[in-house]
1. Would you calculate the separation in nanometres between label points at Leu296 and Ser197, each defined as 7 Å from the Cα along the Cα-to-beta-carbon direction?
2. Taking Cα centroids, how far is the range 1-47 from the range 219-266 in Å?
3. According to the Cα gyration tensor, what semi-axes, each the square root of 5 times an eigenvalue, does the equivalent ellipsoid of the range 220-263 have, listed from largest to smallest in whole Å?
4. Taking GluC sites (Glu not before Pro) that fall in a DSSP loop and have at most 15 other Cβ atoms within 10 Å as cut points, what is the longest piece of the chain between them?
5. Karplus couplings for the range 305-321 from phi (6.51 cos²θ - 1.76 cosθ + 1.60, θ = phi - 60°), rounded to Hz, Gly and Pro as x?
6. If amide H atoms are built 1.01 Å from N in the plane of the peptide, which residues on other chains or at least 5 residues away come under 5 Å of the amide H of Arg155?
7. Modelled label-to-label distance, Arg268 and Leu18, 7 Å Cα→beta-carbon offset: nm?
8. Rounded to the nearest 0.05, what FRET efficiency do Leu221 and Lys109 have when you use their Cβ-Cβ distance and R0 = 41 Å?
Amino acid sequence: MLERMTVGDVPKKHHIALRSASGQLRHEHCITREGFEGPYTIVYHERRPHTAQQVDARASFRVPSAFLASPSGTRLREPRPLRRRHYQSQKLEAGGTFLESRRPMLFNKDIVLSIAKPSAADPLYFVNGDGDDLHFVFQGSGTLRTIFGDLQYTRNDYVFVPRGTLHRFIPDHESAHHLLTIECLGGMDLLRQFRNSAGQLRMDAPYCHRDFKRPSFMGPLDEGIRHVVTKRQGRFDGFEHGDSPLDIVGWDGTVYPWIFPILNFQPRVGLVHLPPTWHGTFAARGALICSFVPRLVDFHPESVTCPYPHSSLDVDEVLFYCDGNFTSRRGVGPGSISHHPAGIAHGPHPGSYEKSIGAKSTDELAVMLDCHEPLSPSDAALTIEDPGYHESFV
Ligand SMILES: [Fe+2]
């Protein structure tokens, strides 16, 4: 969560009457986290917000098969042989709306990593009741429309959509999309150690408040859409509103969507190679999300600048490659997902270690996750797996 925002019409105090110029009573809607003890936002509707009738969700959109496999949205399988894995999301076909095209790839009880390559806007509103969504826009641009207002996103943006936010994605005309979605089932936030006692981002944090884009609120909106699909426990349920659910006249709070362009992350460099934790950007239950952005590298005259071989005994490591020259890896390219599970060592490909001595900078751009629980692949992931990746380290 970022700092508190207040937009539009709100009353002078919580839970007192707010009326329009003609005297019509507005309806308060409290969106709360951690029961009633965590961050919250209060939105004010023109109409009662809780009157939608249940309808068949599948009548209006095609639920991706990976979500249908089990109540949790993904299907557990027997552990596979312990190998370093590489999934080529470049090979997934594009098409469908944002919601339809979202395909889980790797998952555990905390995190579901999905790829989406939509070609059309969502013709309905979506509410994820299971977790916070952090979308990384690898390709594409457009508008995220929410009850809190609009956000314009583009390539290399992290787009944060908190659990429970009614929204839909609207791509720019003819904009090819490729998104990595990190669904955080136990919530997600900025790293706690980057805040001072007032909740403000510290001066030594790798980002500041000005690095984030916040929603533009323009008042009540009627797009003619009445249908809302809500996901809870991996199940999709449909609801039909009598009027537009975007009937918001104002809101006040800290729960709202935002955008963080990955290139606003301020990288840090040491005398010798710094571990991935220095690139930590967001924290989720059971996962640290890191940003690797172009930067100078370590400046000791004998520094080995590429990542050292390592065994992270308690984490599965996932890298999503976006851009630049990935000096330590062969055979991966933009759109690649590598999965290095705990239990076996991993490190640079042959020759990279020696060659990196004396390097001054790197132009790599990547999103990384360290996950505490083992990740399982979905059926969709198996169709795009590179079978020779493990052997490529010899
Ligand atoms: Fe690693």
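Each value in this text was obtained by applying a stated rule to the coordinates, not by laboratory testing. Not measured: the values here are computed from a predicted model. Cβ placement follows ideal geometry from the backbone for every residue including glycine, while neighbour counts extend to all protein chains displayed.
1. Output for this residue pair reads 3.5 nm.
2. 15 Å
3. Semi-axes from the Cα gyration tensor: 23, 19, 11 Å.
4. Excluding the exposed sites themselves, the longest stretch runs over 303-394.
5. 7, 7, x, 6, x, 8, 10, 7, 5, 10, 9, 8, 10, 10, 10, 10, 7
6. Hits under the 5 Å cutoff: Gly140.
7. Calculated label separation equals 4.0 nm.
8. The computed FRET efficiency comes out at 0.65.
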